[in-house]
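Everything on this sheet refers to the single structure shown next.
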Amino acid sequence: MNLPATSDGLPADRITAIDTEPVSARSLPESLTSPARVKAAGWRLDDLWLPVVVLRERALTHNLDRFARWCREHDVDLAPHGKTTMAPQLWSAQLERGAWAITAATVAQARIMRDNGVPRVLIANEVVEPGQLAWLSDALADPGFEPLSLVDSHDVVDVMERYLASAPRPMPVLIELGVPGRRTGIRDTAEALDLAERVARSSQLRLAGIEGYEGVLPQRRDDEAIENARAWLSRLVELLNSADARGVFDGAEEAEEIVVTAGGSGYPDLVAEAFATIPALSRPVRRVIRSGCYLTHDDLSYERSSPLRSGADPDPLLPALSCYARVLSVPEPGRALLGVGKRDVSFDIDLPVVRAVHRDGGRIPVDGQARVIELNDHHGFCDTEPGLLRVGDVVELGLSHPCTVFDKWQLIPVLDEHDRVIDAIRTVF
């Protein structure tokens, strides 16, 4: 698999440790096992225990390279959401391809990232847990590690200042602009500017820039959703420009940049478009998007919303995640029960889609003749044309929303185009 460890990726000793440490692997013929053992075993798809979620090497490497090129073409840096995979091997591949940082959702994730050698982690959240702030205080003593986090109120600043009082250097933070009715982030631009001035005066915090997340808006490609996202992103850019005009970054050292960041995997094009309108400011501006699910794309949610979806781009992202499950029962005409459920695949946005049936060494495309209508913990209800599925058939499923797939598997086999198992990706949730 073409995911080499280089000086731009994670340290080689961390990749080696991930590669050689045995873990439980419920879909492999032996357990405990390790990625190194998997690479040497010579297994094929037919050898795996079902259900199994697999990664396709060709799609994965295509997506890594394609999105890195897209970022260069749009003059933005990438700090991909590492929470999507929680897989150090994949973080390393993203860093090797130029990622500026890895984004975490929690301090617990940031700790895992630092332990695995990630040099810069953007915690896209407010941090008010005393124990977690104590960890950040200690981590700030490491000159080779740069954490950043978010603030959206004076109360958050109060808590951070209290528990970072003994930190050896100020903690970099970004003012978070939120969306009314949704999750974290200050709602009012005037209040955000007031908060920025407060942070600029702080001895324990350093104002690093401005942040937002348009991914909480409806992720559709119709005119209304696109215009709503553009309007909100304009507010984010306006906040950045107004904050700089207020002089809140004047206390920064001359070499320090102003960071502005937004961008999930649905609207990175709209974020890049908005960031392109930022004028020259008092400091150089680093424009950062945080797309994470681009890495594997999917068959449904991001295939609907991504600018690099099929039909919208001549070189689209490819679905890299698949699930294979056995037909366990055909209890009545037109109804098959598959051996796959909520413990195995995502279901929070869409149910899996049936791509094909594998039988007697052949792959038979389904073309809409079968549909997963419900998942229990370990069963999938599949409505089919009568006679389409038989007990013992293997059903190939396409998935939606990678974030809620990776967390279900400690070791995910990687297959080549000939269904040979050539590697395994370790997750560390």
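The values are calculated or read from the model by the stated rules, or taken from the named source; none is laboratory data. Since the model is a prediction, treat every value here as computed from it, not as a measurement. No Cβ is skipped: glycine too gets one built from the backbone with ideal geometry, and neighbour counts run over all protein chains shown.
Which residues, taken from region 389-407, are charged (D, E, K, R) and either within 15 Å of the chain's Cα centre (by Cα) or on the phi > 0 side of the Ramachandran plot (or both)? Result: Asp407, single match.
When each of Ala229, Ala252 is tested for being modelled with pLDDT of 95 or more and closer than 22 Å to Ile278 by Cα, the lone residue that passes is Ala229.
Across region 310-343, the number of residues qualifying as closer than 16 Å to Ser400 by Cβ and touching an Asp or Glu at 6+ places or on another chain (Cβ under 9 Å) comes to 10. Is it the case that Ala190 is within 25 Å of Arg66 (Cβ to Cβ), surrounded by fewer than 23 Cβ atoms within 10 Å (Cβ to Cβ) and of a type in the set (Gly, Ala, Ser)? In short, no.
Note on region 20-57: among residues that are without any contact (Cβ under 8 Å) to a residue 60 or more places away in the chain and in a helix (DSSP H, G or I), the one that is surrounded by the fewest Cβ atoms within 10 Å (Cβ to Cβ) is Ala40. Would you confirm whether or not region 253-268 contains a residue that is hydrophobic (A, V, I, L, M, F, W, C), in contact (Cβ under 8 Å) with a residue 40 or more places away in the chain and more than 27 Å from Ser137 (Cα to Cα)? Within region 253-268, not a single residue is hydrophobic (A, V, I, L, M, F, W, C), in contact (Cβ under 8 Å) with a residue 40 or more places away in the chain and more than 27 Å from Ser137 (Cα to Cα).
Among the criteria (1) part of a helix (DSSP H, G or I); (2) in contact with a Gly (Cβ under 9 Å, 6 or more places away or on another chain), the one Thr103 does not fulfil is (1). Here region 376-387 is the region considered, the condition is being at pLDDT 95 or above and over 15 Å from Tyr324 (Cα atoms), and the residue that is surrounded by the fewest Cβ atoms within 10 Å (Cβ to Cβ) is Asp377. Within region 72-96, being closer than 14 Å to Gly264 by Cβ, touching a Leu at 6+ places or on another chain (Cβ under 8 Å) and part of a helix (DSSP H, G or I) holds for one residue alone: Thr84. Whenever a residue of region 303-320 is under 15 Å from Asp269 (Cα atoms), its partners that are in a strand (DSSP E or B) and modelled with pLDDT of 95 or more, lying with C-beta atoms within less than 6 angstrom and at least six residues away or across chains, give the pairs Pro316/Ser310.
Within the set Arg286, Arg230, Arg206, Arg290, the sole residue that is at negative phi, touching a residue at least 60 places away in the same chain (Cβ under 8 Å) and surrounded by fewer than 22 Cβ atoms within 10 Å (Cβ to Cβ) turns out to be Arg286.
Every residue, every condition in (1) crowded, with 24+ Cβ neighbours inside 10 Å; (2) of a type outside the set (Phe, Trp, Tyr); (3) within 22 Å of Ala17 (Cα to Cα), yes or no:
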{"site": "His74", "(1), (2), (3)": "no, yes, no"}
{"site": "Ala79", "(1), (2), (3)": "yes, yes, no"}
{"site": "Gly82", "(1), (2), (3)": "yes, yes, yes"}
{"site": "Gly98", "(1), (2), (3)": "no, yes, no"}
{"site": "Val107", "(1), (2), (3)": "no, yes, no"}
{"site": "Met113", "(1), (2), (3)": "yes, yes, yes"}
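Apart from one condition, Thr296 fits all of (1) at pLDDT 95 or above; (2) closer than 26 Å to Ile210 by Cβ; the exception is (2).
Ile349 satisfies every condition listed in (1) closer than 19 Å to Arg220 by Cα; (2) free of Cβ contacts under 8 Å to residues at least 12 places away in the same chain except (2).
Applying the set (1) in contact (Cβ under 8 Å) with a residue 60 or more places away in the chain; (2) under 27 Å from Ala108 (Cβ atoms); (3) out of contact with any strand residue (DSSP E or B) (no Cβ under 9 Å at 6 or more places or on another chain); (4) not small (Gly, Ala, Ser) to Asp13 leaves exactly one unmet item: (1).
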